[in-house]
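Colleague: First, the structure itself, so that you have it in front of you.
The values are calculated or read from the model by the stated rules, or taken from the named source; none is laboratory data. None of these values were measured; they are calculated from a predicted model. Don't worry about glycine lacking a Cβ; one is built from the backbone with ideal geometry, like all the others, and counts go over all protein chains shown. These accessible areas exclude ligands, DNA and RNA; they are computed on the full protein's heavy atoms, side chains included. Shrake-Rupley method; radii C 1.70, N 1.55, O 1.52, S 1.80 Å.
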Amino acid sequence: MNRTLILGGSLSALMVIAALMSFVWTPFDHGAMNIPEKLQIPNGTHWFGTDHFGRDMFSMIMVGARTSIAVACVAVGIGIGLGVPLGLWAAARQGGWVDEVIMRGNDLIFAFPSLVIAILITAVFGAGAVNAIIAIGIFNIPVFARVTRGGALPLWAREFILAARVSGKGAARISVEHILPNIANLLIVQATIQFSLGILAEAALSYVGLGAQPPTPSWGRMLADAQTLVSIAPHMALMPGFAIILTVLGLNLLGDGLRDALDPRLRVSRV
Amino acid sequence: MSLLTITNLSLSIAGMPILRDVSLTLAPGEVVAVTGESGSGKSMTALAVMQLLPGQSKATGKITLDGHDMLALDEPALCTLRGDLAGMVFQEPMTALNPVQTIGAQVAETVRLHRPDLDPSTQARAVLDRVGLQNIPLSRYPHELSGGQRQRVVIAIAIACGPKLLIADEPTTALDVTTQAQILTLLKRLAAEDGMGLLMITHDLAVVAEMADRIVVMRDGEVVEAGDTPALLAIPQHPYTRALLAASDHRVTLPTTAEQAPLLRVQNVVRDYKLPRTTLFVPAGTHRAVDTVSFDIKRGERVGLVGESGCGKSTLTRAILGLEPVQGGQITLDGMPVFNAGKPDLSVRRKMQVVFQDPYGSFNPRHRVDRLITEPFHLLEEPPKDRAARIADALTTVGLSPDDARKYPHQFSGGQRQRLAIARALIIRPELVIFDEAVSALDVSVRAQILDLIADLCHQYDLTYLFISHDLSVVRTITERVMVMRQGSIVEEGETETVFSQPRHPYTRQLIDAAPTLPKAV
């Protein structure tokens with residue numbers, strides 16, 4: 001086992017556990033206001049302190065993790081579910097019109113600044129977690145399509161693909177049986193990166209008020225709430241900030257570690 | 001006084017012993033060949049001289065190059081010696097050159113580093129002239145040159161500062177036979193003219209037989225035998241050297257077959273490739289890779305196809321396999337067309353299998369052996385019930401153990417992987433097997449084993465195959481009929497022995513003359 005994988009896995013697991021645990025237990029009710037105890041710095045009772053309404057920051061971050069994970073998960077799912085098949089299809093028909101249409105479609109989506117379009121979508125269809133998911137998800141599709149196609153193209157020139165074609169296998173079957181397992185590590189690394197970008201994007205949308213709506217807690221909105229009070233209660237910005245940083249760091253380390261661990265060639269040479 | 005002395009050099013990389021007590025000497029103007037199979041440590045010996053070893057390597061012993069103790073010098077001191085005192089030529093000229101710099105700039109770079117007294121571009125021109133590139137401007141990029149020309153540029157870089165030692169690591173392995181002969185002549189001439197010591201690293205004994213003064217044979221990191229070339233080749237002392245010599249000249253006997261009906265018919269096949277558009281309004285041009293080729297392969301016949309790189313052999317292979325459409329003519333197997341409008345026709349495909357050159361690239365690294373070699377079962381209407389027995393049988397047939405079925409391909413050596421590739425090709429008992437440079441990437445002794453295996457399978461199964469290769473000696477022993485291909489057309493065809501002993505076409509003659517041969521054993 002390598003240290004990167006352990007550290008990344010632990011940080012990511014910590015967030016998932018926090019999110020799952022928030023369904024059954026939080027130290028305080030995350031929505032309960034308690035004005036007399038507002039703006040407390042972290043202490044024995046309120047581990048991460050309280051906000052300007054006296055809500056417990058620790059409980060809010062736990063519940064906020066739920067939102068972040070849900071949004072990032074579904075957004076990455078949309079990206080993989082549509083992007084990978086499109087990328088495989090484009091690679092199998094390299095140079096043909098299918099390839100052209102798919103890749104130029106990708107370029108079209110890439111041409112728009114993703115966050116601006118996400119804001120546009122939420123502005124038109126209304127702010128909310130579901131629309132944020134769709135907006136972030138759409139921009140994951142070309143990322144995965146491109147990574148998939150890029151990884152698949154050199155494989156198509158390899159002799160084992162030729163051997164499979166000689167065995168009468170069609171493009172779809174070869175893509176699933178031979179191409180996909182060989183680009184899985186690429187996709188896993190990309191997925192963890194997109195997952196962390198999804199968390200960042202969700203935080204950014206919530207920060208401008210277009211993500212999950214109150215009273216659902218969200219790390220981005222906690223940051224937005226903290227900005228006017230940052231000079232008198234810095235912990236209000238620091239705590240959700242740290243949550244975001246550690247989660248993104250953890251996911252990136254996890255992706256790195258997984259890439260090493262999943263390669264059978266590396267696996268045996270280490271034994 | 002010798003130019004290079006290696007005394008008891010031992011080397012380990014990350015704790016793995018690579019070299020043990022290697023000793024050799026090289027006098028100025030002498031040509032010494034270090035030969036051996038892959039993993040023998042011959043390249044590591046060369047890299048140790050230049051101190052270009054990979055990280056985590058520990059060398060003990062002594063390497064003296066023109067009075068410098070190479071193991072004791074620090075990196076800046078080594079940098080001034082490399083390129084100035086000793087130059088190096090690598091195997092693959094395409095990767096040894098920087099693709100985004102002109103060849104002039106790359107040659108001039110060495111001059112600028114080591115000889116500030118000379119004008120870099122004048123010297124670059126002079127050196128390129130010396131290696132026979134008089135007509136090539138300095139402003140050319142590597143991709144605009146042929147493989148042989150690129151290797152000449154690499155040699156020019158190595159000799160630009162007039163080194164005393166030239167190390168050539170498999171300088172001709174990536175080249176065609178006719179180009180190989182020219183490069184070898186060039187290296188020999190340069191060494192003689194400048195009084196350079198030339199250290200040749202090669203796996204091919206035939207290559208060095210004609211040019212080396214002395215030969216050092218290595219195995220598993222040790223020198224097993226060293227001596228003057230004629231003596232060593234005539235009376236090899238060590239059993240390994242004898243085995244190596246026997247393997248380089250390996251002959252197999254094929255069973256004779258009765259006249260049969262044609263199995264594969266190739267009639268006037270034309271294969272064009274579209275070239276990329278150069279201007280917007282002119283239609284893209286085409287490159288004719290295969291030009292009206294016709295031949296038959298009869299059932300039970302073993303046919304060879306030889307030619308140099310770019311002659312269209314691989315293109316023809318793909319067309320025969322039905323992987324790509326042809327622009328003219330027809331290819332039929334047992335009367336059925338092999339290419340059926342892009343839709344693979346399983347009933348034709350199942351009669352044909354292929355073994356590729358690269359034992360590392362022809363298997364999906366993520367699948368286990370049982371899954372890999374049973375891939376052709378996909379061609380059958382229903383997968384056979386006795387799958388496990390068939391796998392065990394196929395593995396035993398090619399000399400592997402049935403227990404190997406659960407291993408991954410990277411757990412096998414190159415030769416074993418080629419056995420796996422043959423097992424995969426034979427598992428559905430195809431009527432025609434195509435060997436596409438199937439032994440070209442293998443060591444001589446492994447190659448001899450694979451050739452034996454193929455001959456053995458011929459005795460057992462009455463195999464019909466098309467053996468494609470650039471290596472004439474292999475084709476000569478493993479086929480009965482041979483076709484010589486050049487620039488997309490077949491220039492000569494006939495009984496293998498007749499073609500080799502009495503070539504009619506000048507190109508065939510040129511090929512046979514260029515192929516390096518070992519002196520006949522006494």
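Colleague: Hey, what's the Cα Rg ratio for region B:38-166 versus the globular rule of thumb, 2.2 N^0.38 Å? Don't skip to the end; give the middle numbers.
Modeller: Values: Rg = 15.6 Å, N = 129, 2.2 N^0.38 = 13.9 Å.
Output field value: 1.12.
Colleague: Could I ask something else about it? What FRET efficiency, computed as 1/(1 + (r/R0)^6) with R0 = 41 Å and r the Cβ-Cβ distance, is obtained for residue B:75 and residue B:27, rounded to the nearest 0.05?
Modeller: 0.90
Colleague: What would the Debye formula give as log10 I(q)/I(0) at q = 0.13 Å⁻¹ for the alpha-carbon point model of chain A, no solvent?
Modeller: Log-scaled intensity ratios, in q order: -0.90.
Colleague: Given charges of +1 on the Cβ of Lys and Arg and -1 on the Cβ of Asp and Glu, with all other atoms neutral, how large is the dipole of region B:1-111 about its Cα centre, in debye to the nearest 20?
Modeller: Result for region B:1-111 is approximately 260 debye, rounded to the nearest 20.
Colleague: For region B:469-519, which GluC sites (Glu not before Pro) are in a loop by DSSP, counting at most 16 other Cβ atoms within 10 Å?
Modeller: Passing sites in region B:469-519 are B:480.
Colleague: Hey, any idea what the orientation-averaged projected area of the convex hull of region A:8-62's Cα atoms comes to, in nm²?
Modeller: Projected area, direction-averaged: 3.9 nm².
Colleague: Just how large is the dipole of region B:351-479 about the Cα centre, in debye to the nearest 20, putting +1 at every Lys and Arg Cβ and -1 at every Asp and Glu Cβ?
Modeller: Result for region B:351-479 is approximately 360 debye, rounded to the nearest 20.
Colleague: Per residue and in cubic angstrom, what volume does the convex hull of the Cα atoms of region B:90-190 have?
Modeller: Taking only Cα atoms, region B:90-190 has a hull volume of 90 Å³ per residue.
Colleague: Please compute the average number of Cβ atoms from other chains found within 10 Å of each residue's Cβ in peptide A:164-175.
Modeller: Across A:164-175, the average partner-chain Cβ count within 10 Å equals 6.
Colleague: Quick one: buried accessible area between A and B, total over both chains, 1.4 angstrom probe, nearest 100 Å²?
Modeller: Numbers: alone 13730 and 23490 Å², together 34880 Å².
Separately minus together, A and B give about 2300 Å² buried.
Colleague: Separate question: What's the FRET efficiency of residue B:347 with residue B:178 using the Cβ-Cβ distance as r and R₀ = 45 Å, to the nearest 0.05?
Modeller: 0.60
Colleague: Ok, one more. Measure off, as a whole percent, the carbon and sulfur share of the 1.4 Å-probe accessible area of region B:132-209, all protein chains present.
Modeller: 45
Colleague: Just the number, please: carbon plus sulfur as a percent of the accessible area of region A:86-232, 1.4 Å probe, no ligands or DNA/RNA counted.
Modeller: Answer for region A:86-232 is 70 percent, counting heavy atoms of protein chains only.
Colleague: Between residue A:109 and residue B:134, what is the label-point separation in nm under the 7 Å Cα-to-beta-carbon projection?
Modeller: My value for the distance between the label points is 6.1 nm.
Colleague: Over region B:54-173, what is the mean sequence separation of C-alpha contacts under 8 Å (at least six apart), divided by residue count, expressed as relative contact order in percent?
Modeller: Taking the mean separation of contacting Cα pairs over the length of region B:54-173, I get 38 percent.
Colleague: Normalised by the residues of chain A, what does the relative contact order come to in percent, with Cα pairs under 8 Å and at least six apart?
Modeller: The normalised contact order for chain A reaches 27 percent.
Colleague: For helix B:387-397, what angle does its Cα long axis make with the longest principal axis of chain B, in degrees from 0 to 90 and rounded to 10?
Modeller: Compared with the principal axis, the helix lies near 50 degrees.
Colleague: Something else now. In debye, nearest 20, what is the charge dipole magnitude of chain A about its Cα centre with +1 on Lys and Arg Cβ and -1 on Asp and Glu Cβ, if you could check?
Modeller: In debye, rounded to 20, chain A gives about 840.
Colleague: For the protein assembly as shown, what D do you get in µm² per second when you plug the Kirkwood radius from alpha-carbon pairs into Stokes-Einstein at 20 °C and 1.002 mPa s?
Modeller: 69
Colleague: Which Rg and Dmax, in Å, describe the Cα atoms of region A:149-271?
Modeller: Reported Rg and Dmax, both Å: 21.7, 71.
Colleague: What do you get for the angle between helix B:239-248 and the principal long axis of chain B? Use alpha-carbon atoms, 0 to 90 degrees, nearest ten.
Modeller: Between helix and principal axis, roughly 50 degrees.
Colleague: Going toward the positive end of the dipole of the protein assembly as shown, with +1 on Lys and Arg Cβ and -1 on Asp and Glu Cβ, which of B:148, A:121, B:464 do you reach last?
Modeller: The residue sitting farthest along the positive end of the dipole is A:121.
Colleague: Same structure, new question: How many nm is it between the label spots at residue B:401 and residue B:385, if each spot is 7 Å from the Cα in line with the beta carbon?
Modeller: Result for the modelled spin labels: 3.1 nm.
Colleague: Next question. Go through A:169/B:298; B:298/B:351; B:42/B:62; B:385/B:407; B:274/B:313 and tell me which ones have a Cα-Cα distance over 20 Å in this structure.
Modeller: Correct reply: A:169/B:298; B:385/B:407.
Colleague: Taking R0 as 56 Å, what's the FRET efficiency between residue A:125 and residue B:280 from their Cβ-Cβ distance, rounded to 0.05? Before the final figure, lay out each step's value.
Modeller: Numbers: r = 43 Å, r/R0 = 0.76.
Efficiency computed from Cβ-Cβ geometry: 0.85.
Colleague: Let me ask something additional. Using Stokes-Einstein with the Kirkwood hydrodynamic radius over Cα pairs, what translational diffusion coefficient do you get for chain B at 25 °C and a viscosity of 0.890 mPa s, in µm²/s rounded to a whole number?
Modeller: On the way: Rh = 25.2 Å.
D, rounded to a whole number, is 97 µm²/s.
Colleague: In nm, what is the difference between 0.36 nm times the number of residues separating residue B:501 and residue B:461 and their Cα-Cα distance? It would help to have the intermediate numbers written out before the result.
Modeller: Details: separation 40, 0.36 × 40 = 14.40 nm, distance 2.95 nm.
Length gained between residue B:501 and residue B:461: 11.4 nm.
Colleague: Membrane-span-like helices in chain A: DSSP H runs reaching 20 Å or more (Cα, own axis), mean Kyte hydropathy at least -0.5?
Modeller: On the way: long enough: A:3-21 (26 Å, 1.78); A:57-92 (50 Å, 1.73); A:97-111 (21 Å, 0.53); A:129-156 (39 Å, 1.26); A:180-207 (39 Å, 1.20); A:235-262 (39 Å, 1.20).
Sorted by number, the helices that extend far enough and score high enough are A:3-21, A:57-92, A:97-111, A:129-156, A:180-207, A:235-262.
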